[in-house]
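Working notes, structure below.
Read-outs throughout are calculated quantities, based only on the coordinates presented, and are distinct from any laboratory measurement. These numbers come from a predicted model, not from an experiment. Cβ: placed from backbone, ideal geometry, glycine included. Neighbour counts: every protein chain shown.
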Amino acid sequence: MTCTRWWCTAPTSCSSRAVGDRTAAFYDVDRLSATGPDTLVAPPTFLMAADHFDPDHARRPRPGSSWAGTQEPSPTQPVGFHTEQHFVFHRPVRTGDRLTVTRRPGGSWQKTGRRAGTMTFSETHLHFHDPTGRLVVETRWVQAAVERRPDPTSRAAAPGTDPSRTPRGTGTPPADVVAVGQHWTIPLIDEVTPATIAMYAGASGDFHPLHCDDVYARRRGYPGVFAHGMYTMGMSGRAVTDVVGHERVLAFGGRITGQVWPGDTLTARARVTDVYDDTRGTVADVAVTTTNGHGAAVFDGTATVRTA
């Protein structure tokens, strides 16, 4: 089954603020007046804001319908998590683009975990085309439905607030990515708050109650709400875009390896793993890992970028 919808890339400034992207062009009204918004390239994870343009999206509350947090959850109802997300860019996505979104299901499989029980994974593929029919971006996202609720007393479910946080890295990002072995550290946020989580929900259109409704989250065995996986990935993308900018990102993807809680500190570490020539020119592969204040990894991904 495929689904096609039209949408335009207008709210890039809201999305950039939600993931802490301080690129000056997103905030320079005078520049936009002089050059037009089509000069702006969207952050790598911006296309998740397509949820805003889907009137039937399941993660948005609707007037006249009961909000999920007011309903007593079934003990046997699996909880779904966004576990992986991958983007391949055939050209940059710019403000003002009008894109057709085509959705189709991918593969599905199961694994058994010690804490979560049976985990059922499923893929969804989205293709974004411009009005000429040219493919602009391919995305693949993976969701896992988890059989067991978490143990609220377990370390995995504990919020990340900790007054003795792991010291922040002080590595200085390079002026450009040119050599294998280059590495750098970028502080992403000193403290995640419920307000920053709500800000991302508003920018992305994803109002899943596990991220917005404390009662709902607690009834499902969590200490409270936690950040979207795509919030973590969006923040992590700055480890790349702060160095090479947005337009040179050819691909970005990875796994969401841990939950991010109010009180967490996030730091991204990047390392160039390969530099090579292909039909796109000279490109580099960059490994990106984001950790919380305890030093635990919450995102593990890779990006492919043009070196110049």
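What is the spin-label model distance, in nm, from residue 220 to residue 132 if the labels are put 7 Å beyond Cα along the C-beta direction?
Placing both labels 7 Å beyond Cα along the Cβ direction yields 4.3 nm.
Sort 41-48, 124-131, 287-294 by packing, meaning the average of other beta carbons within 10 Å per residue, with the highest value first.
Numbers: 41-48: 24.8, 124-131: 16.1, 287-294: 21.5.
Top of the packing list down: 41-48, 287-294, 124-131.
Could you run the Karplus curve 6.51 cos²θ - 1.76 cosθ + 1.60 with θ = phi - 60° over region 282-295 and give me ³J(HN,Hα) per residue in whole Hz, x for Gly and Pro?
8, 10, 10, 9, 10, 8, 10, 10, 10, 10, 8, x, 8, x
State, to one decimal in nm, how far the label point of residue 103 lies from the label point of residue 278, with both points 7 Å from Cα in the Cβ direction.
Each label point is offset 7 Å from its Cα along the Cβ direction, giving 2.9 nm.
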